[in-house]
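Before any comments, here is the structure.
Please treat every number below as a calculation from the coordinates, not as lab data. Source: prediction; values computed, not measured. Heads up, the Cβs are rebuilt from the backbone with ideal geometry, glycines too, and the neighbour counts pull from every protein chain shown.
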Amino acid sequence: MGMIDWFKRGVGEMMVARPDAAKAQVVWKHPDPTIPMKSQLTVEADEQAVFFRDGKVVKTMSAGRYTLDSSNLPFLSNLVDSFTGGNVFITEVFFVSTREITGIKFGGRVGHVEDPKSGVPAETMVHGEFSFRVSDPEKLIVGLVGMGRADSHHVRSWMKEQVLKVIRDRIGELLVKNKWPLLDVTSGAYTEELETDVLKGLRDHVESYGLQIVRLGNFVVGIDEEDAANLKRLYTDAAYLRTVGGVGEYQKFAAGKAMMGAGEGMAKGGGAGGDAGGLLGGAGLGVGFGMAQMLVRDHQGGEVLAPAAAGIVCPHCMANVSAGAFCSSCGQALKAKEAPAESGAGFCSQCGTPFSPGAAFCGGCGAKRS
């Protein structure tokens, strides 16, 4: 080895610092554990240097330039290799970035989340960016990175998993607890509240490793396009119903929509479609009549939705009940009311509508007069 090469090698060994090529690394380990006495240690303003010996932290150095000499840095006396005459320190030195590291992208599936406004579940996703900072270099190395050659990619990947995990937990909980409509959440109306709660939840997951999630950026919650369209239709229907008279009108509107759906099925399945069309038409007709029969009178004389179950309508309370000798709703006998003698009419045993004099069928439901 020539004198110049020997001199260059000696100068290189005298400098202990992170090279420019490793500036982006969260943790970088100095490759040589043998450090000559009087070496120059350089710690940049955005990092700390952690000295280890036999797997234990000996000292953490903040920003500055230091001459590694046991006379001015007493802790180095524990690192001197006696076999070299006190001219070499045996230590592992890690350089850890303490600045805020930004632009870490994340994203993934949250899962089916129930919309509190409609009760309908929707497939939900989330994506965005976050930034983090190392708050305790010693905890990071001992608890997460380990004593080998550090790979910052693993640190970032682990952080992404923690962020997505907490977001999954928090979004569902916040929607249920605060009754936030899912479309309002996806519009960004509650981004600040979500960010605050997610950051709070992340603290418990990463603090023990000497890390801190500082902030979330471009944080977006989205839902499947088809689910979004479905929710918009439901919201539109609900807004319309609020303008036409409240719950009672809502029930009529719902029944009407169901009957319209049945009518569309009849139109598509009936006519010249052969046997299959006839069957579909018959099914649609049955559904239509079934929905129509769901509108019955309540005790105040109004119309409400009732289950389209098989049975009859009590002539006393107008409840839709199973056939029998007595009404399961009011206890009265299930038989036609006696009509006034002067009218010569009776009451339909199916729906309670008075018969017109001489009528053979009920004008309310079409049942044959018994």
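Excluding F361 itself, calculate the net charge of residues whose Cβ lies under 15 Å from the Cβ of F361, where each Lys or Arg counts +1 and each Asp or Glu counts -1.
+2
Which whole-Hz ³J(HN,Hα) couplings does the range 50-66 yield from phi under the Karplus relation 6.51 cos²θ - 1.76 cosθ + 1.60, θ = phi - 60°, glycine and proline marked x?
3J(HN,Hα) across the range 50-66, in whole Hz: 10, 9, 10, 9, 6, x, 10, 6, 9, 6, 10, 10, 8, 4, x, 10, 10.
Around F95, with a cut-off of 11 angstrom between Cβ atoms, what is the net charge of the other residues, counting Lys and Arg +1 and Asp and Glu -1? Let's see the in-between values first.
Values: positive: R18, K23, K29; negative: E44, D46, E47.
Taking every other residue near F95 into account, the sum is 0.
Considering only Cα-Cα distances, which of the following residue pairs are longer than 32 Å: K139/K179; K38/K105; K23/K160; K59/K160; K139/K165; K38/K139?
Those over the limit are K139/K179; K38/K105.
Roughly how many nanometres apart are two label points built 7 Å out from the Cα toward the Cβ at S62 and S131?
2.1 nm
In whole Å, largest first, what are the principal axis extents of the Cα atoms in the range 59-197?
Per principal axis, max minus min of the Cα coordinates gives 79, 24, 23 Å.
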